[in-house]
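Here, each number is a calculation from the coordinates, and none is a lab measurement. Given the structure is predicted, the values throughout are model-derived calculations rather than measurements. We place every Cβ from the backbone using ideal geometry, glycine too, and count neighbours over all the protein chains shown.
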Amino acid sequence: MGKTVSTEDLMAQVAEGDEYAFEVLVRRHQTSILNLIYRYVGDRTKAKDLAQEVLIRVWRAANRYEPKAKFTTWIYRITANLCLNELKSYGKRKLLFGERPIEEGQTLNEESNVSPSAEDILLAEERSRQISHALQNLPEKQRMALILKRYDNLSYGEIAKIMECSISAVESLLVRAKRNLHEKLAHHKK
Amino acid sequence: MKCPQVQKRLSAFQDGELTSQEKERVSRHLESCSVCRERYAEMEKAWQALGDLKEIPPEPGFYGQLVKKINDSYETRSPVGFQWLFQFFSSPWVASTLLLAGILIGTFLGNFLAGSDLFPFRPSMASKSPGAVEVVSFRVFDPVPPGTLGEGYMRMVRNTEVQYR
């Protein structure tokens, strides 16, 4: 059985210009990076472009990567910075309204073996759209902290490193994020 | 623990970020306080709702597009050593300053050449008096500039009208 190469070892190979190692690295992390950005920006095309931008930065900065830093923390920090800074120039609210985050043909209820009815699919899409809309309306840092905690299950310490703030600041962001999210979802139901 | 203190720690309680002692204190408070219990229930509800936002898969051509972007970026990059020069001149401040400087220098050189003997195509009237240049310049934009074929025609038309009256 082949042993799985660690991400840190892959990065060392990428630093030497190994394209195959880079492909393995990309395939290993592309889904998590893409979804972190997608949940943050709420737009699939923009999320794909930004995810590719993150991976281009990884390729270019591979020789500066120090294995003592955890790879996921490093790549998430690149992603968070890109999201928080890059989108300011993109027009931070422009793409968030009036766009359906769930495109046609997107897989829903992937775990289920039973084919969902058209009504179920529509309801799930509508629910997903509401959640995405509520998420997009959170302040940027609250949104980032909430996504990193909820979907990537990172500890407060890891989130603090990624967002370059204190652990107590992360806790405060998450308290406000959860309260705001509840209010926005309650507003949707009315 | 009082309610404001507990509510500040509810997120950490939910995320399992409290020490066992703190967790115990928050738990005890929640058992006795309906307001904080309600807050916590709302938080849980919002947390569960986030699960409805599904994951998206990368497009099949994701990696190929990425490689193309990397290759394109190498091709479009300026030669190493001159990058700072391109970045410097592509700045909007530098570009607008250079444009303004160009306009000022152009105006100055234009005035200088028009008023000096170095300029060979200067109108002959300009050398007679300092104000003459301006007169010539303005008359050029007259509807019928003096000394032109147009002016001769207009004079002829005027004379003809006088004869017929």
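Given charges of +1 on the Cβ of Lys and Arg and -1 on the Cβ of Asp and Glu, with all other atoms neutral, how large is the dipole of segment A:35-86 about its Cα centre, in debye to the nearest 20?
Around 160 debye, computed over segment A:35-86.
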What does the charge dipole of segment A:1-97 about its Cα centre add up to, to the nearest 20 debye, if the Cβ of each Lys and Arg holds +1 and the Cβ of each Asp and Glu holds -1? 620
Centroid-to-centroid separation of segment B:1-43 and segment A:31-58 [C-alpha atoms, Å]: 35
Residue order, fewest to most beta carbons within 10 Å, for B:R39, A:R143, A:R176: A:R176, B:R39, A:R143
Given A:K3/B:K69; A:K46/B:K68; A:K161/B:K69, the pairs whose alpha carbons are separated by over 19 Å: A:K3/B:K69; A:K161/B:K69
With the dipole of segment A:1-97 defined by +1 on each Lys or Arg Cβ and -1 on each Asp or Glu Cβ, the option from A:A15, A:Y76, A:I56 whose Cα lies farthest towards the positive pole is A:Y76
Rounded to the nearest 0.05, what FRET efficiency do A:A61 and A:T31 have when you use their Cβ-Cβ distance and R0 = 22 Å? 0.55
At q = 0.17, 0.25 Å⁻¹, what is the base-10 log of I(q)/I(0) for segment B:3-52 according to the Debye formula with one equal point scatterer per Cα and no solvent? Please give it to two decimals. -0.48, -0.93
Translational diffusion coefficient of segment A:1-97 at 10 °C, 1.306 mPa s, Stokes-Einstein with Kirkwood Rh over Cα pairs, in µm²/s as a whole number. 113
